[in-house]
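The values are calculated or read from the model by the stated rules, or taken from the named source; none is laboratory data. What you are looking at is a predicted structure, and each value in this text was computed from that prediction instead of being measured. Positions of Cβ are backbone-derived with ideal geometry, glycine not excepted, and every protein chain shown enters the neighbour counts. Ligands, DNA and RNA are stripped out before the accessible areas are found, and what is left, the full protein with its side chains, is counted by its heavy atoms. Shrake-Rupley method; radii C 1.70, N 1.55, O 1.52, S 1.80 Å.
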Amino acid sequence: TRSDYPLLEEAFGTRGIPASFSAAVGFFTRGEVRDLGHLLGTLADPRDPLEEGGFLAGPFSGLPLGEVLPRLGKDPAGDPTLAPGLEVRRRLRHHALLEGGAAALETLRRDPSWLGIHPPEARRRVLGNLRAAADLAGTYEETFGPGLPGTAAYLGGALSRELPQPEPELLEEEDAVRVLTVHAAKGLEFPVVALVRLEKAPDPRGREAVRWQPQDRQQ
């Protein structure tokens, strides 16, 4: 069941194996999506201390996490360590004010140098979630126009409520393990299949659970 996804994701991550979890609905709980929300928030209002804190703690400021706390509440303009990150924010803000928040997120896809802070096995998911966030922002702007404050508030509101938004599926050419429930499988579309979690105890509601018995292989 999808309730087993977190355990399986941890297992694949420990081994450094990229994996995609079909029909997972934790998009707005992902750290990289929160980073994008704070980025749009600080692009819309660089003086907002909460959004600035999220920006400093995210991958776009260039700061290690241990150096974020001492800088909270201080004027970042005179800090030479922050100069590269502030230049990134300045360029993205200029782009977003002219063309909208979705366009600013799209520029991150064209220059993914910031992905270095994420472990290699997570980068496919992070890029997929960036693509999905840009698509959501674009859908909003198609309806309400490319106003940066509105787009930032829309994404920030969804993040604060942790709406059950599905995560993007793998593209055909992407090389990763597909994880899905038996119910969601179409049949024989995969050359190699591993069936996991057969060791689970019977359902407490009285339903029978599948049990693997090595001695019963003829069945």
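At a glance:
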quantity: Charge tally in the Cβ shell below 15 Å around E141, where Lys, Arg are +1 and Asp, Glu are -1, E141 excluded; calculated: -4
quantity: V177 long-range amide H proximity, modeled H, under 5 Å; calculated: A19, S20
quantity: Whole-number Å³ per residue for the convex hull built on Cα positions in region 32-110; calculated: 86
quantity: Added length on full extension, which subtracts the Cα-Cα distance from 0.36 nm per residue, L7 to T143; calculated: 45.1 nm
quantity: For R123, solvent-accessible area (1.4 Å; no DNA, RNA or ligand), Å²; calculated: 80
quantity: Integer Hz, Karplus 6.51/-1.76/1.60 couplings in order for region 69-75, x for Gly and Pro; calculated: 4, x, 9, 5, x, 9, 6
quantity: Sites R178 and I117 - FRET efficiency at Förster radius 22 Å, r taken between beta-carbons, to 0.05; calculated: 0.25
